[in-house]
Amino acid sequence: MSGSALRRGLVGALVIVAACGRARAPSGDVQLTMWAFGREGEVVQELMRDFEAAHPGIRVKVQQIPWMAAHEKLLTSYVGEMLPDIAQLGNTWIAEFETLDALAPLDSLIAGSRSLSRAAFFPGIWATNVVAGRTLGVPWYVDTRLLFYRRDLFERAGILAPPSTWDEWLVAMRRVKQLTGTPYGIFLPLSEWNPLVIFAMQAGSPLLTPGGLRGAFTDAPFRDAFAFYARIFDEGLAPRAGQQQLANVHQEFARGTFAMYITGPWQLGEFATRMPPALRGAWATAPMPGPRGDSSGISMAGGSSLVMFRGSRHPAEAWALIEWLSQPSTQLEFYRISGNLPPTYAAWQDPLLANNAHAAAFRTQLDRLRPLPAVPEWEQVATKVIEYQERVVRGVLTIDQAVVAMNRDVDRLLEKRRWIAERGQGADPR
């Protein structure tokens with residue numbers, strides 16, 4: 001389906017948001033409009049004074065949008081042809097907006113840039129911006145997941161170093177539980193798809209078949225990962241609970257309800273301020289363990305990217321803003337004010353990050369990132385992972401039953417994708 005056809009279809013289903021019109025520039029100036037979401041939308045405005053000072057004649061109006069409203073706002077504005085010049089886009093959304101043909105390809109701009117190059121970025125996060133061979137965004141910050149753990153409980157259990165393999169990980173969970181009185185070794189919220197998906201990627205699962213046409217959940221790597229995930233609950237090493245069942249994750253971590261937690265970089269600031277003073281030095285971070293050791297301890301390449309929309313009336317100025325926001329010095333300033341981790345090698349060489357003990361594990365993890373499947377239906381697929389992992393953990397389904405059902409449900413979600421592929425290539429490849 002073409003972007004224009006899809007636009008016509010969406011017109012009848014969505015309400016056009018008219019309040020987001022492009023701002024008018026003062027006489028003689030080009031005025032760009034940038035959308036940013038949540039806290040990023042608040043803090044990025046602080047950077048614009050420096051950009052405008054360095055680029056006379058360009059003014060930037062930043063519109064902050066709540067994360068919960070961002071996706072719908074983008075879609076309705078696409079339908080109404082009211083998108084801004086540039087925006088922050090969650091990198092799992094890029095494939096969706098590529099399908100809509102809403103994003104400007106950036107390859108020629110990158111090739112001609114004097115200040116921005118692909119080689120400056122960690123490959124795993126850069127890959128999330130490439131769809132069908134075209135680069136459609138530039139990584140803005142990285143949101144990957146790794147292990148936060150109670151170092152004091154590890155020491156009491158006689159564990160001298162964070163685990164690097166799945167077997168070592170299980171041993172650590174058991175020892176912490178048995179020797180310290182901690183009820184659980186780890187917290188894996190049933191309402192989050194990330195841990196199981198990360199385990200599956202570590203085991204070698206592609207999650208979907210080539211081209212994102214069908215589920216690959218009945219294949220051996222995903223089943224192996226699912227068995228490891230379920231075993232943690234079967235042995236009583238993790239509570240059968242979601243985020244909603246724990247009133248305050250930080251408080252329970254401090255109480256010692258669990259000793260480990262897989263989460264992301266935004267928690268660095270949260271743990272630093274929310275842990276009681278007596279425990280400020282009792283927690284640490286570690287790269288993800290993997291089934292076969294360090295090299296297999298990969299994690300997902302989440303985060304947000306900067307994209308330019310095809311409808312921008314000022315593409316040259318919009319690209320100048322993306323280049324400027326991507327410079328290591330700007331990224332470091334963005335890290336200072338937001339806590340979001342930069343995606344370039346150069347920014348991580350600065351003492352601000354290089355000397356940060358809690359951030360060091362993230363630097364290691366950045367070399368072990370893998371992109372999620374670049375399909376518009378990913379969020380729906382992830383919802384199916386949540387649904388079936390909980391059924392297995394609660395004993396409603398076996399793993400064999402769950403993976404068959406996951407493939408069935410996900411194949412239905414991808415039905416339109418296969419229909420397009422069959423007509424474009426003549427046959428379903430599986």
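At a glance:
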{"read-out": "Contact order relative to length of the chain, as percent, for alpha carbon pairs under 8 angstrom and 6 or more apart", "value": "24 percent"}
{"read-out": "Most to least accessible of 46, 52 (protein chains only, probe 1.4 Å)", "value": "46, 52"}
{"read-out": "The chain - accessible surface per residue (Å², probe 1.4 Å)", "value": "42 Å²"}
{"read-out": "Dipole magnitude of the chain, debye to nearest 20 (Cβ charges: Lys/Arg +1, Asp/Glu -1, about Cα centre)", "value": "340 debye"}
{"read-out": "Per-residue [θ]222 nm for the chain (sum of -39500 (n - 2.57) over DSSP H runs n ≥ 4, rounded to 500)", "value": "-13000 deg cm²/dmol"}
{"read-out": "Vicinal HN-Hα couplings computed from phi for region 302-310 (Karplus, 6.51 cos²θ - 1.76 cosθ + 1.60; Hz; Gly/Pro x)", "value": "x, x, 10, 10, 9, 10, 10, 8, 4"}
{"read-out": "Cα gyration tensor shape for region 276-430, rounded if a/c is under 1.5, else prolate or oblate", "value": "oblate"}
{"read-out": "Whole-number percent relative contact order across region 186-278, with pairs defined as alpha carbons under 8 Å at least 6 apart", "value": "34 percent"}
{"read-out": "Principal-axis tilt of helix 378-393 within the chain, Cα atoms, nearest 10 degrees", "value": "10 degrees"}
{"read-out": "Under-5 Å amide H pairs with residue 116, H placed in peptide plane, nonlocal only", "value": "none"}
{"read-out": "Helix 399-413 axis, angle to the chain major axis (alpha carbon atoms, nearest 10°)", "value": "10 degrees"}
{"read-out": "Karplus 3J(HN,Hα) series, Hz, for region 262-270 with 6.51 cos²θ - 1.76 cosθ + 1.60 (x for Gly, Pro)", "value": "8, 7, x, x, 5, 7, 4, x, 5"}
{"read-out": "Phi-based couplings in Hz for region 39-55 (Karplus 6.51, -1.76, 1.60; Gly and Pro marked x)", "value": "5, 4, x, 6, 7, 5, 4, 5, 7, 5, 4, 5, 5, 5, 5, 7, 10"}
{"read-out": "Pairwise Cα inverse-distance average, inverted: Kirkwood Rh of region 163-280 (Å)", "value": "15.6 Å"}
{"read-out": "Three-way shape label, region 243-284, alpha-carbon gyration tensor, a/c 1.5", "value": "oblate"}
{"read-out": "Shape call, the chain: gyration tensor on alpha carbons, a/c limit 1.5", "value": "oblate"}
{"read-out": "Amide H contacts under 5 Å for residue 283, placed H, 5+ residues apart", "value": "151"}
{"read-out": "Share, in percent, of DSSP beta bridges within the chain that are antiparallel, nearest 5", "value": "60 percent"}
{"read-out": "Compactness of region 229-324, expressed as Rg and Dmax over alpha-carbon positions, Å", "value": "19.9, 59"}
{"read-out": "C-alpha long axis of helix 166-180 to longest principal axis of the chain, angle in °", "value": "60 degrees"}
{"read-out": "Amide H contacts under 5 Å for residue 305, placed H, 5+ residues apart", "value": "89, 90, 91, 140"}
{"read-out": "Given charges at beta-carbon only (K, R positive; D, E negative), |dipole| of region 287-430 in Debye", "value": "280 debye"}
{"read-out": "Percent accessible area from carbon and sulfur atoms, region 41-159, protein chains only, probe 1.4 Å", "value": "49 percent"}
{"read-out": "Cross-link partners of residue 73 among lysines (Cα-Cα below 28 Å; sequence separation of 8 or more within a chain)", "value": "61, 384, 416"}
{"read-out": "Among 366, 119, 316 - extreme Cα towards positive end, dipole of the chain, charges at beta-carbon", "value": "366"}
{"read-out": "Student exercise, region 80-190 dipole from Lys, Arg, Asp, Glu Cβ charges, in Debye to nearest 20", "value": "720 debye"}
{"read-out": "Accessible area of residue 193 in the full protein assembly, 1.4 Å probe (Å², nearest 10)", "value": "40 Å²"}
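The values are calculated or read from the model by the stated rules, or taken from the named source; none is laboratory data. For clarity, every value in this text was computed on a predicted model and none was experimentally measured. Note that we place each Cβ from the backbone using ideal geometry, even for glycine, and neighbour counts take in every protein chain shown. Remember, those area values only see protein heavy atoms, side chains included, never the ligands or the DNA or RNA. Shrake-Rupley method; radii C 1.70, N 1.55, O 1.52, S 1.80 Å.
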